[in-house]
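Peer 1: Input: one structure, supplied below.
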Amino acid sequence: MSKYLSKLTSPLIAVILGLVVGAIIMLVSGYDPVAGYGSMVNGIIGDSYYVGESVRTIIPYILAGLAVAFAFRTGLFNIGVEGQLIVGWLAAVWVGIAFELPRIIHLPLAILAGAAAGALWAFIPGYLKAKFRVHEVIVSIMLNYTALYVTNYLIRNVMTDKLDKTERIADTASLRSPFFESITDFSRMHWGIVVAIICVIIMWFILERTKTGFELKAVGFNQHASEYAGMSVNKNIILSMVISGAFAGLAGAMEGLGTFGYAAVKGGFTGMGFDGIAVALLGANTAIGVVLAALLFGGLKAGALNMPLETGIPSEIVDIVIALIIFFVASSYFIRWIAARFKKGVK
Amino acid sequence: MDFYQVLQIIIPSMIALAAPLIFTSLGGVFSERAGVINIGLEGLMVIGAFTGIVFNLMFADVFGAWTPWLAVLAAMIAGLLFSILHAVACITFRADQTVSGVAINLLAVGLTMFLVKLIYDKGQTDRITETFPRIDVPLLSDIPFIGPIFFANGYYIVYIAILISFVVWYVLYKTPFGLRIRAVGEHPMAADTMGVNVTKIRYAAVLLSGAFGGIGGAIYATIFSNEFNHATINGQGFMAIAAMIFGKWHPIGAMGAALFFGLAQSLSIVGSSLPFFKDIPSVYLLIAPYVLTIIALTGFIGRADAPKASGQPYIKGKR
């Protein structure tokens, strides 16, 4: 039990520090932090509509977090989740529009198309890393922008005639759920939450219960030792990126098939891919940790929308808090150092 | 429209678009040459753009035509101060440098938009009135043929950017400080053994990159967007990183790459009104800098290798 507790300490301290600094910023700006955080909590669980919207926000956060975490376990930094998410979104919507099929085939096909597109987009940095030893961070950053501009071009010139968004997907490919909508006062909560939970289980299963997962983790721990033990480092690098990209593509597919039902030209990134890094880091790259971190960050994001309405505090305060939490998690060396000092002091 | 006229349109716009990229990528060169990856350049540009615009709006009445210059100076200081966060996290707290950079980017956008809403009570700032004037460089613009293309209808700050890249080259390759930066980025332990203070040099390099990034952001906002909102800096910082890599971590190379990326950007903007270029879908020009960088990294156009120690925190006494 104490082992689990100590694992939780530094993320918890990071979250608390982040919230405290956020409160200080609110105070300095002349706002009431208690009212601010109160309105945020209201915006998360205030009534059934807010709960539904929070769950909807959490869905892509879980998947984006899984994507980053999965690659991290193999020692890879998939900063390209954003780009993979965008192409997954477009591919899923395209299948949703282009085909007329019964629901039982159409919906899974559209979801898989999103996963496949994300996987393909992540294959590029994986392959280049394995083949040419090119750092995956740079390649996937470059591919983020490539994805943004290419999908915008496709939406404008191929899928529509110079319009800013595609038509709506067919009902047979939609994840929208009249049931969830009715119990959450017509929020946009959709069946994607089931997909997200299945993916959490898949990630846990692959990493903890299969030989492939063992190899992926081994490569993450020590490439040379894995090579010496007869594992193919290159194969595992590519595989890890592809699975990671599939999760990212699914995150996009959830937005395309569930929340929005179409794909639109984007002026900039959705930000979900980058927030996925925060989720994975805070969740210590484990499946269950990702769920907890996604609950927190997705909740913060959803609750933030209520802050300007109730208290007039700009919702960006939550972006600041999330960024600070990443800082504090990344600087956990410092937190551990402080904690060690503190313990000594107690004795 | 003949070819010469086309050049007269494209070249000034190319150099102007390249200026913010040149400054920011030079910042990247400093930081990475000292062994600290700086993904946060995008965020530092955001800080610079915000400071530049806000300073401009507040003091335009006081300083008149000098406002944009002083705004750039203010942005430089703001960028420098903000980069202290990255330096402390990466160098002292041994944080993952890429993660810290991502946090810098998120924090910059969050903080500046929070302040914009606090100050202006809306999603963007007012528009600035004092921007850099377009000028013809005296004497040089009178050179036949070349003059009107390269030295007419431009901005002084743009030519300064190109000159600065030579200054940075001189600093990095001809001064003891530059040698120390490069040593610390290649083999910090060897440098430490020779009595170089690795921590100090890395701090200096990261702060320099912050200052340069701030300048780049301010120039971009002042010349091109004239206001600040959440999308003012949209990928410019990452494109500067691309320029730095494409230029193989060399100041002059980065400047050349920035000019080349500036050309691609200017074609994607003005190309639609020009013969020949209007037939190229702008998407190719938009993605060209990024795709070319990937190709450059894979070694098809001469291999680009990062400084050896980049990304690794230096822990004294650890082998």
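The values are calculated or read from the model by the stated rules, or taken from the named source; none is laboratory data. Source: prediction; values computed, not measured. Neighbour counts are summed over all protein chains in view; Cβ atoms, including those assigned to glycine, are modelled from backbone coordinates with ideal geometry.
Peer 1: Name every residue in the stretch A:182-237 that is touching a residue at least 12 places away in the same chain (Cβ under 8 Å), basic (K, R) and within 21 Å of A:G126 (Cβ to Cβ), in order of residue number.
Peer 2: Hits for the stretch A:182-237 are A:K217, A:K235.
Peer 1: Looking at (1) more than 18 Å from B:A16 (Cβ to Cβ); (2) away from chain A (no Cβ under 14 Å), which is the only condition B:L274 fails?
Peer 2: Only one criterion is unmet by B:L274, namely (1).
Peer 1: To continue, here is another question. Given (1) buried (at least 24 other Cβ atoms within 10 Å of the Cβ); (2) facing another protein chain (nearest Cβ under 9 Å); (3) under 19 Å from the mean Cα position of the chain (by Cα), where does B:F50 come up short, assuming only one miss?
Peer 2: (2)
Peer 1: Determine which member of the set B:A152, B:A161 is in a loop (DSSP other than H, G, I, E, B) and touching a residue at least 60 places away in the same chain (Cβ under 8 Å).
Peer 2: After applying the criteria, what remains is B:A152.
Peer 1: Filter the stretch A:188-211 down to residues that are in contact with a Gly (Cβ under 6 Å, 6 or more places away or on another chain) and either under 13 Å from A:R73 (Cβ atoms) or part of a helix (DSSP H, G or I) (or both), then give me how many there are.
Peer 2: The number of residues fulfilling the criteria is 3.
Peer 1: Of (1) surrounded by fewer than 24 Cβ atoms within 10 Å (Cβ to Cβ); (2) more than 8 Å from chain A (Cβ to nearest Cβ); (3) in a helix (DSSP H, G or I); (4) not β-branched (V, I, T), B:H86 satisfies all except one. Which?
Peer 2: In the conditions (1) surrounded by fewer than 24 Cβ atoms within 10 Å (Cβ to Cβ); (2) more than 8 Å from chain A (Cβ to nearest Cβ); (3) in a helix (DSSP H, G or I); (4) not β-branched (V, I, T), B:H86 misses (1) alone.
Residue by residue, here is whether (1) within 14 Å of chain B (Cβ to nearest Cβ); (2) touching a Lys or Arg at 6+ places or on another chain (Cβ under 7 Å); (3) not hydrophobic (A, V, I, L, M, F, W, C) holds:
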| residue | (1), (2), (3) |
| --- | --- |
| A:G30 | yes, no, yes |
| A:S48 | no, no, yes |
| A:P60 | no, no, yes |
| A:N78 | yes, no, yes |
| A:E82 | yes, no, yes |
| A:V87 | yes, no, no |
| A:I97 | no, no, no |
| A:E100 | no, no, yes |
| A:I105 | no, no, no |
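Peer 1: So for the stretch A:153-171 (the condition being free of Cβ contacts under 8 Å to residues at least 12 places away in the same chain and either under 18 Å from B:A288 (Cβ atoms) or of a type in the set (G, A, S) (or both)), does at least one residue qualify?
Peer 2: For the stretch A:153-171, residues free of Cβ contacts under 8 Å to residues at least 12 places away in the same chain and either under 18 Å from B:A288 (Cβ atoms) or of a type in the set (G, A, S) (or both): present.
Peer 1: I've got another one for you. How many residues, within the stretch B:32-50, are part of a helix (DSSP H, G or I) and over 13 Å from B:G214 (Cβ atoms)?
Peer 2: Final tally of qualifying residues: 2.
Peer 1: If you check A:L143, A:L154, which single one turns out to be surrounded by fewer than 20 Cβ atoms within 10 Å (Cβ to Cβ) and within 14 Å of chain B (Cβ to nearest Cβ)?
Peer 2: Checking each option against the conditions leaves just A:L154.
Peer 1: I need a count of the residues in the stretch A:306-347 that are farther than 17 Å from A:S10 by Cβ, part of a helix (DSSP H, G or I) and in contact with a Ser or Thr (Cβ under 6 Å, 6 or more places away or on another chain).
Peer 2: Adding up the residues that qualify gives 4.
Peer 1: Exactly one condition in (1) outside any helix (DSSP H, G or I); (2) surrounded by fewer than 24 Cβ atoms within 10 Å (Cβ to Cβ); (3) more than 14 Å from chain B (Cβ to nearest Cβ) is not met by A:V134; state its number.
Peer 2: (3)
Peer 1: Any chance the stretch A:70-84 includes a residue that's of a type in the set (S, T, Y) and in contact with a Leu (Cβ under 7 Å, 6 or more places away or on another chain)?
Peer 2: Within the stretch A:70-84, one or more residues are of a type in the set (S, T, Y) and in contact with a Leu (Cβ under 7 Å, 6 or more places away or on another chain).
Peer 1: Considering each of A:S177, A:S240 in turn, give the residue that is modelled with pLDDT under 90 and among the hydroxyl-bearing types (S, T, Y).
Peer 2: A:S177 is the lone residue from the list that is modelled with pLDDT under 90 and among the hydroxyl-bearing types (S, T, Y).
Peer 1: State which residue is farthest from A:S244 (Cα to Cα) when the search covers only the stretch A:13-62 and only residues that are within 20 Å of the chain's Cα centre (by Cα) and of a type in the set (D, E, K, R).
Peer 2: If we take residues in the stretch A:13-62 being within 20 Å of the chain's Cα centre (by Cα) and of a type in the set (D, E, K, R), then A:E53 is farthest from A:S244 (Cα to Cα).
Peer 1: If you scan the stretch A:320-336, which residues turn out to be within 7 Å of chain B (Cβ to nearest Cβ) and more than 22 Å from the chain's Cα centre (by Cα)?
Peer 2: Matches in the stretch A:320-336: A:Y333, A:F334.
Peer 1: Have a look at A:I111, A:I97 and point out the one that is in contact with a helix residue (DSSP H, G or I) (Cβ under 6 Å, 6 or more places away or on another chain), within 24 Å of A:N157 (Cα to Cα) and assigned to a helix (DSSP H, G or I).
Peer 2: That would be A:I111, the only listed residue that is in contact with a helix residue (DSSP H, G or I) (Cβ under 6 Å, 6 or more places away or on another chain), within 24 Å of A:N157 (Cα to Cα) and assigned to a helix (DSSP H, G or I).
Peer 1: Tell me, which residue of the stretch B:110-162 that is among the aromatic types (F, W, Y) and either in contact with a helix residue (DSSP H, G or I) (Cβ under 7 Å, 6 or more places away or on another chain) or within 14 Å of chain A (Cβ to nearest Cβ) (or both) is nearest to B:L73 (Cα to Cα)?
Peer 2: That would be B:F132.
Peer 1: Considering every residue within the stretch A:253-265, establish whether at least one is in contact with a Phe, Trp or Tyr (Cβ under 6 Å, 6 or more places away or on another chain), outside any loop (DSSP other than H, G, I, E, B) and on the phi < 0 side of the Ramachandran plot.
Peer 2: yes
Peer 1: Have a look at A:L281, A:L292 and point out the one that is surrounded by fewer than 24 Cβ atoms within 10 Å (Cβ to Cβ) and either away from every other protein chain (no Cβ under 14 Å) or touching a residue at least 24 places away in the same chain (Cβ under 8 Å) (or both).
Peer 2: A:L292
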